[in-house]
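Engineer: My structure is below; once you've seen it, I'll send some questions.
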Amino acid sequence: MSDKLRQRMALEAARLVNEGRDIATARYRAARAVQRGWVPEEDLPSTAEIRQALTAASQPALDRFDRIAEAVGLLASVRSHPAIGSASDGLEHALAVFAAIHAEHPYDEELLTAALVIHAGLAIDRGNRVPAILEALGESLTPRTVWFVETMPLAEAHLVGSIGQRARRRLEAHPDGELAILVALASRRAASPDPQQRAMPAGDLDEAVAILRALDAEDADDPASESDTSDDPDARDW
C-alpha cells in the first residue's frame, strides 16, 4: 500500500476521532471509507500515525506573518558574517534594523517587513541570500516588499559608491528609492562596531511581528491606506 493512501486513512481516522469515535473504531472505518473494502491489518494506520494526524489537524494554519517570523528566527544561528558585522547574531541585527526603520516610518508595513527580512536568506543560503529568502517566503511578501529585498544589494552598493551610473539614477528616481537606501543605511549602522551608531533592538521578534500584523489589519480595514506603489506597474521594473 502506498504511503499516500495510508496517510489518507490516518487523516480520515483523525477526523472520526474528532467526531467522538475511539481510535480503534476510527481506524477500521477510515480504511473502509478510503479503500472501499477490506484492508489487511498490517496496512492500517497505526495509533501513532493517527495521533500525529490529530496533532497536525489541531494546529492552526500558519499565516504569512507566522512564516515571516519562522524565516527571520533562523537568523539566530547566523554569526560572523559581514552583513551583520558586530551584532551578536543575525536576529539581533534584523531587529536593530527593524527598530531603526520603525522609529522613522512606523506605519509602513511593507517597508518594515523588508527591514526585518532583508538578510533572512543568510540562514538558508549565505551565498544567495536574496533569491533564498524570496523563494522561502514566496507570496508571504507583497510585491513592494519583494522590490525592497531585491533592491537591497543596489542600495548597499549606493552607500559605498560602487553602483553604476545608470543603476544609481534609476534607484534615486524610483518612488521608493530613498527608502531602500534608508534600510541599507540602517543595516550598515546595525552592523557597525561603534555602539553610538549601532541601533539596539527594540523588543523581540514576537513584538516586531505583532507590529506588522497590527498594521496589516489596519490596512485591511482602510483600503485607502495602501501604498501608492503597490499597484504601480513600474514599482519593480528597472
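Here, each number is a calculation from the coordinates, and none is a lab measurement. Predicted model, so just to flag it, every value in this text is computed and none were measured. When we count neighbours, we look across all protein chains shown, and the Cβ atoms used for this are built from the backbone with ideal geometry, even at glycine.
Engineer: What is the extension gain from Asp63 to Asp194, computed as 0.36 nm multiplied by their sequence separation minus the C-alpha to C-alpha distance, in nm to one decimal?
Structural biologist: 43.4 nm
Engineer: Another question, if that's okay. Can you pull the Rg over Rh of the chain, Cα-only, Kirkwood?
Structural biologist: Ratio of gyration radius to Kirkwood radius: 1.15.
Engineer: Tell me, how many Å apart are the Cα centres for segment 102-162 and for segment 75-89?
Structural biologist: 16 Å
Engineer: By counting other Cβ atoms within 10 Å of each Cβ, how are Thr47, Thr145 ranked from fewest to most?
Structural biologist: Fewest-to-most Cβ neighbours within 10 Å comes out as Thr47, Thr145.
Engineer: Using 0.36 nm per residue of separation minus the Cα-Cα distance, give me the extension gain between Gln165 and Ala210 in nm, one decimal.
Structural biologist: Residue separation times 0.36 nm, minus the Cα-Cα distance, leaves 12.2 nm.
Engineer: Next question. Could I have the simple spin-label model distance between Ala56 and Ile23, label points 7 Å from Cα toward Cβ, reported in nm to one decimal?
Structural biologist: 1.6 nm
Engineer: Rounded to the nearest 0.05, what FRET efficiency do Asp43 and Glu139 give with R0 = 35 Å and r taken as the Cβ-Cβ distance? Could you check?
Structural biologist: The calculated FRET efficiency here is 0.40.
Engineer: Scan the chain and hand back the longest stretch that contains none of the trypsin sites (Lys or Arg not before Pro) lying in DSSP loops with at most 14 other Cβ atoms within 10 Å.
Structural biologist: Longest gap between qualifying sites, sites excluded: 127-238.
Engineer: Right, here's the next one. To the nearest 0.05, what FRET efficiency results for Arg32 and Ala217 with a Förster distance of 30 Å applied to their C-beta separation?
Structural biologist: 0.10
Engineer: Please identify the chymotrypsin sites (Phe, Trp or Tyr not before Pro) of segment 1-104 that satisfy two criteria: DSSP loop assignment and at most 12 other Cβ atoms within 10 Å. Which are they?
Structural biologist: Sparse-neighbourhood loop chymotrypsin sites (Phe, Trp or Tyr not before Pro): Trp38.
Engineer: Next question, about the same structure. Note the direction-averaged projected area, equal to a quarter of the hull surface, for the Cα convex hull of segment 3-58, in nm².
Structural biologist: For segment 3-58, averaging the hull's shadow over all directions gives 3.3 nm².
Engineer: FRET efficiency for Glu70 and Lys4, Cβ-Cβ distance as r, R0 = 22 Å, nearest 0.05?
Structural biologist: Calculated transfer efficiency: 0.25.
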